[in-house]
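The values are calculated or read from the model by the stated rules, or taken from the named source; none is laboratory data. Quick caveat, the model's predicted, so the values are computed rather than measured. Positions of Cβ are backbone-derived with ideal geometry, glycine not excepted, and every protein chain shown enters the neighbour counts. The area values use the complete protein model at the heavy-atom level, side chains included, leaving out ligands, DNA and RNA. Shrake-Rupley method; radii C 1.70, N 1.55, O 1.52, S 1.80 Å.
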Amino acid sequence: MENNRILVVADDPKVAAAIDQGLRENQFIPEIAKDGRRGLEMAMSRNYGLVILEVDLPEISGYDICKAIRNDDGYTPVIMLADNGSIDHKITGFETGADDYVLKPFDFRELLARIRVFLKRRNDKPNTDSQLLRISDLVMNIETKSVTRAGKQLELTAKEFALLEFMIKHKGKVLSKKEIAEAVWGITFETGTNVIEVYINFLRKKMDKGFETKLIHTKPGMGYVLKANIG
């Protein structure tokens, strides 16, 4: 059940182990990320009922992950775990979109009570997942015609959006130029045109440049494939 799946991003092994055990004992399905980069990838590529974030994380902070989640999704509850309980730190947490700010050390029973409250509230929110297409940390919203990668808004033209939508709906499949031309441009592909290569390059510059994980891959003599090449 998706609502019972909880992402826990924590580099403190004792905290991660305690939360993992407590959640499992209460029929939740925890998924653990030990650093900010992995946590962001998981948050952007999968659907969770709730996210628990340590503030201080290697590579990417909990604040930045929370911002990315909020840019993509306005209703998944986020609980932050922090060592610092100053007003300034709490305000920063709430301004980045956190629903709650819990100080360590904490009693798991209190954390569990908060989790249940937020999950109950989420049940009353409209489900917009059917409008979202995802691959790795890239999210496309069909309804709002917006695309984000790692929380960063990508500015696409209408044709770039249509091309990416076709590719993401067929992610993992090698798409020939003929298939792309017919689906996106509604034309019979002519071998003398390079319009597809041009638009693939446009997308690469906007969604792959500057990111370690490349999503668009060329299969020489066959076409293009959209897949996460993590590793």
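Being in contact with a Lys or Arg (Cβ under 8 Å, 6 or more places away or on another chain) and either at pLDDT below 90 or buried (at least 16 other Cβ atoms within 10 Å of the Cβ) (or both) is the filter here; which residues of region 173-184 pass it?
Selection gives Val184 alone.
Kindly evaluate Ser136 against the criterion of being open to solvent by less than 20 Å² (accessible area, probe 1.4 Å) and modelled with pLDDT under 90.
When the stated conditions are applied, Ser136 passes them.
Applying the selection to region 116-127, what residues are open to solvent by 50 Å² or more (accessible area, probe 1.4 Å) and either in contact with a helix residue (DSSP H, G or I) (Cβ under 8 Å, 6 or more places away or on another chain) or at pLDDT below 85 (or both)?
Of everything in region 116-127, those that are open to solvent by 50 Å² or more (accessible area, probe 1.4 Å) and either in contact with a helix residue (DSSP H, G or I) (Cβ under 8 Å, 6 or more places away or on another chain) or at pLDDT below 85 (or both) turn out to be Lys120, Arg121, Asn123, Asp124, Lys125, Pro126, Asn127.
As an exercise: evaluate Ala113 against (1) modelled with pLDDT under 90; (2) open to solvent by 40 Å² or more (accessible area, probe 1.4 Å) and give the number of the one condition it does not meet.
Of everything listed in (1) modelled with pLDDT under 90; (2) open to solvent by 40 Å² or more (accessible area, probe 1.4 Å), Ala113 misses just condition (1).
All but one of (1) surrounded by fewer than 11 Cβ atoms within 10 Å (Cβ to Cβ); (2) over 27 Å from Arg70 (Cβ atoms) hold for Lys209; which doesn't?
Of everything listed in (1) surrounded by fewer than 11 Cβ atoms within 10 Å (Cβ to Cβ); (2) over 27 Å from Arg70 (Cβ atoms), Lys209 misses just condition (2).
Say whether the condition of being in contact with an Asp or Glu (Cβ under 6 Å, 6 or more places away or on another chain) and of a type in the set (A, V, I, L, M, F, W, C) is met by at least one residue in region 52-69.
Checked region 52-69: at least one residue is in contact with an Asp or Glu (Cβ under 6 Å, 6 or more places away or on another chain) and of a type in the set (A, V, I, L, M, F, W, C).
Take Asp99 and decide whether it is acidic (Asp, Glu) and within 30 Å of Lys145 (Cβ to Cβ).
In short, yes.
Within region 76-86, identify whether any single residue is at pLDDT 80 or above, in a helix (DSSP H, G or I) and either open to solvent by less than 70 Å² (accessible area, probe 1.4 Å) or not hydroxyl-bearing (Ser, Thr, Tyr) (or both), and answer yes or no.
No, region 76-86 has no match at all.
State the number of residues belonging to region 42-57 that are closer than 16 Å to Lys14 by Cα and touching a Gly at 6+ places or on another chain (Cβ under 8 Å).
Total satisfying the criteria: 5.
Find the residue count for region 1-60, including only residues that are hydroxyl-bearing (Ser, Thr, Tyr) and free of Cβ contacts under 8 Å to residues at least 60 places away in the same chain.
The total comes to 1.
Would you mind stating whether Ile29 is at pLDDT 90 or above, among the aliphatic types (A, V, I, L, M) and surrounded by fewer than 16 Cβ atoms within 10 Å (Cβ to Cβ)?
So Ile29 fits the description; yes.
State all residues of region 1-57 that are assigned to a helix (DSSP H, G or I) and of a type in the set (Asp, Glu); if no residue qualifies, say none.
Glu2, Asp20, Glu25, Glu41
Can you find, within region 189-231, the residue that is modelled with the lowest pLDDT among those that are in contact with a helix residue (DSSP H, G or I) (Cβ under 7 Å, 6 or more places away or on another chain) and part of a loop (DSSP other than H, G, I, E, B)?
Among those residues, the one meeting the criterion is Phe189.
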